[in-house]
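For reference, the structure discussed in these notes is given below.
The values are calculated or read from the model by the stated rules, or taken from the named source; none is laboratory data. Predicted model only: the values in this text are computed from it and were never measured. Methodologically, a virtual Cβ is constructed for each residue, glycine included, from the backbone with ideal geometry; neighbour enumeration extends over all protein chains shown.
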Amino acid sequence: MPKIRILVVEDSLTVRRRLCEVLAADPGLVVVGEAEDGQRAIELCQELQPDVVTMDMMLPVMSGLAATEYIMAYCPRPILIVSSSTNRGELFKTYEALAAGAIDVLEKPSGDDTDAAWEQRLVATVKLVSRIRVITHPRARLAALGKPRPAQQESPLPVVAQTRQQVVAIGASTGGPGAMVTLLRGLPPGFPLPVLLVLHIGEPFGGAFAEWLDGQSCHRVSYPRDGEAVAAAAGRVVMAPPGSHLVVREGRFHLTSEAERHSCRPSVDVLFESVAIAYGPAAAGCLLTGMGRDGAAGLLAIRQAGGPTIAQDEATSVVYGMPREAVLLGAAERVLPLEQIAPALAALPRGRPS
């Protein structure tokens, strides 16, 4: 089997050497190039055509974000962000890179006894992202990412559900940041229902994601307070915080630290199952791009409770894992391209959240 060919992009010589040593030590991997700035990363990506690019965000000459945008527009490759940036402004750049097509993010080595576990995560993640089919991101779309704009008015799809919906639950993983930006920008201003979101993005990178997403459309996004009434979230997006399951019981949000589901906390299944129990046919579920199977069983629970369910289609998914599992279970009432999901949600008959 051919080795996975990797381009390492990192301005720190010490960190770059460390990354190369760890990757080269695995018999299934080979480092084919190294770049110390974003401009050189683009040149080597075009020249070497690597299978995977590891990308630092803070680079001289051209930033990691700008390099990611260019690579995904002109020579798309699976990109793994390897970053130590955890302040607000630098985290926002990481989210923008993920929305522009980067696959995943991993912290840099810490230089302590935990590095052995980090080495295993690095190798495993590189192998994982190497298997992902990436798509070209047009420059016009990239230029718009990170800039709020009014939602586009589109002709809604025919209404299928007859029950008046009271809540919409959405789950996403790999490819989710960009998908959620597209979906929220497609929802009309004044969309009145609470939108409950679980996105797989862990610490130390997940803490500011809701704040970043809040700035990407006209729809407000925030983390909930434990015990907050669902009715108080009408017209905004409520996102599960990193490390906590988000559940709905008796009309209130609850954050729990119960066991992981599918190695995830927060878990899409946990949220979906709770809204199926709490709202029955008045709950709508939507499962977006993502790796694994989290959310498939929960989407089925919503459908079996009588609620409308949507799965993103393969052609527009960065990873057709979670939606595919839902389709195979018969959980998806409709399978739609990403651009059609917001109009479908906007067409649902709506009631007041209880």
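Give me the residue from the range 211-253 that is among the acidic types (Asp, Glu) and farther than 20 Å from residue 177 by Cα and, out of that set, surrounded by the most Cβ atoms within 10 Å (Cβ to Cβ).
Looking at residues that are among the acidic types (Asp, Glu) and farther than 20 Å from residue 177 by Cα, I get 228.
Quick one: would you say residue 341 is touching a helix residue (DSSP H, G or I) at 6+ places or on another chain (Cβ under 7 Å), farther than 24 Å from residue 254 by Cβ and in contact (Cβ under 8 Å) with a residue 60 or more places away in the chain?
Yes.
How many residues does the range 300-349 hold that are surrounded by fewer than 18 Cβ atoms within 10 Å (Cβ to Cβ) and basic (Lys, Arg)?
Qualifying residue count, the range 300-349: 1.
Go through the residues of the range 36-45 one by one and say whether even a single one is under 24 Å from the mean Cα position of the chain (by Cα) and not assigned by TED's automatic domain parsing to the domain that holds residue 199.
Yes; the residues of the range 36-45 include at least one that is under 24 Å from the mean Cα position of the chain (by Cα) and not assigned by TED's automatic domain parsing to the domain that holds residue 199.
For a quick check of your reading of the model, give me the residue pairs whose first member lies in the range 212-226 and is in the same structural domain as residue 194 (by TED's automatic domain parsing), whose second is surrounded by fewer than 18 Cβ atoms within 10 Å (Cβ to Cβ) and hydroxyl-bearing (Ser, Thr, Tyr), with beta-carbon atoms closer than 7 Å and at least 6 apart or on different chains.
214/222
Residues to consider are 156, 138, 150; find the one that is in contact with a Cys (Cβ under 8 Å, 6 or more places away or on another chain) and at pLDDT below 60.
The conditions single out 150.
Filtering the range 7-58 down to residues that are in contact with a Ser or Thr (Cβ under 9 Å, 6 or more places away or on another chain) and among the β-branched types (Val, Ile, Thr), which residue is surrounded by the fewest Cβ atoms within 10 Å (Cβ to Cβ)?
Among those residues, the one meeting the criterion is 15.
Among the residues of the range 301-311, is there at least one that is within 21 Å of the chain's Cα centre (by Cα), of a type in the set (S, T, N, Q) and under 17 Å from residue 206 (Cβ atoms)?
no
Pick from 278, 259, 346, 297: which is farther than 16 Å from residue 176 by Cβ, more than 22 Å from the chain's Cα centre (by Cα) and small (Gly, Ala, Ser)?
Matching residue, one of 278, 259, 346, 297: 278.
State whether one or more residues within the range 172-191 are surrounded by 24 or more Cβ atoms within 10 Å (Cβ to Cβ) and among the hydroxyl-bearing types (Ser, Thr, Tyr).
yes
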